[in-house]
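Scroll down for the structure; my scribbles are underneath it.
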Amino acid sequence: MTTPIPVVLAGASGKTGREVGKAIYHADDMDLIGAIAQHHAGSMLKDLWAEPVPLVVQESLAQIPASYAVLVDFTEHQSSYERICEAVSRGWDIVVGTTGFTAEERDSITQLVVRYQVGAVLIANFSLGAWVMEQLAKQASHYFKKAEILEAHADTKKDKPSGTAKRMAQLLADSWETPADTIPVHALRLPGMVAHQAVVFGASGQILTLRHDVHDRSAYAAGVLAAIRKVRTFSGQVVQDFGRIMDPD
């Protein structure tokens, strides 16, 4: 019998963390061994999730002395950067949905991943629809040479524009060989939103609109579980393309 993958979840009390965490808890090949939520430290996870999870929420990674785990992080980049570096330095693999890292922080994480030969998955959006949208946008960019990006999230999301929108702008910029900051990105932060993005291409006499909407954060769960299962195969690499997670090879 295969030993379950030990997982530690940071951001266990967040909206996305709750949905991802429940999926991890119910996965037969995973063992949720730790949960981190700074503002809920000391609480029982079963009280936060209404699930029979017998874990006490911890404040930091230092309180979880496991020899190995996969750290899954859905928090804010201000707090997650040091935690990610600590996990990698322990020899843990990492699956990160947190966005907003600076170029210097990403470089530092990459250097640590190479040094400790762990696997790292840093993806702005773990939903299948967002990745399919990227593939369609890259195809469209061969024929349409102008576009603008619109994204909308709940007013509790702090980074603006989103990591998903920034990645889309970079993909289009790479296709058109132009700086990413020349592609307009419009961001909304309003109550009632979850995660929404549209790319509007324009040409003479026509427009083409690609749109993706997440109405429930459970949309991210399947992608995160796939990343947890595959992250060890990426030893010494930082993977940012969701397609590599979904590739059966």
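Overview of values
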| read-out | value |
| --- | --- |
| Radius ratio Rg over Rh of segment 1-65, counting only Cα atoms, Kirkwood formula for Rh | 0.95 |
| Whole-Hz ³J(HN,Hα) from phi, Karplus 6.51 cos²θ - 1.76 cosθ + 1.60, for segment 107-114, glycine and proline x | 4, 5, 4, 4, 4, 5, 4, 5 |
| Under 12 Å from Lys138, Cα to Cα: aspartates and glutamates that are on another chain or at least 8 residues apart | Asp174 |
| Estimated vicinal HN-Hα couplings, Hz - segment 80-88 in sequence order (Karplus 6.51, -1.76, 1.60; Gly, Pro = x) | 7, 4, 5, 5, 4, 4, 5, 4, 4 |
| Integer Hz, Karplus 6.51/-1.76/1.60 couplings in order for segment 190-198, x for Gly and Pro | 9, x, x, 7, 10, 7, 9, 8, 9 |
| Per residue accessible area of the chain, 1.4 Å probe, in Å² | 49 |
| Sequence-distant lysines (8 or more away, or on other chains) whose Cα lies within less than 16 Å of Lys157 | Lys15, Lys166 |
| Radius ratio Rg over Rh of segment 136-209, counting only Cα atoms, Kirkwood formula for Rh | 1.00 |
| Cα-based Kirkwood hydrodynamic radius, segment 89-135, one decimal, Å | 12.0 |
| Segment 141-210-segment 70-105 distance, computed between alpha-carbon centres (Å) | 25 |
| Neighbourhood net charge (13 Å Cβ-Cβ; Lys/Arg +1, Asp/Glu -1) for Gln237 | +2 |
| Size-normalised alpha-carbon gyration radius of the chain, reference 2.2 N^0.38 Å | 1.03 |
| Cα pair distances of segment 13-102 binned at 5 Å [whole percent] | 3, 13, 26, 27, 21, 8, 1, 0 |
| Sequence-distant residues sharing a close amide H with Met30 (under 5 Å, placed H) | Ile5 |
| Apportionment of accessible area to carbon and sulfur, the chain, percent (1.4 Å) | 52 |
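The values are calculated or read from the model by the stated rules, or taken from the named source; none is laboratory data. The model shown is predicted, which means the values in this text are computed figures rather than measured ones. Methodologically, a virtual Cβ is constructed for each residue, glycine included, from the backbone with ideal geometry; neighbour enumeration extends over all protein chains shown. The area values use the complete protein model at the heavy-atom level, side chains included, leaving out ligands, DNA and RNA. Shrake-Rupley method; radii C 1.70, N 1.55, O 1.52, S 1.80 Å.
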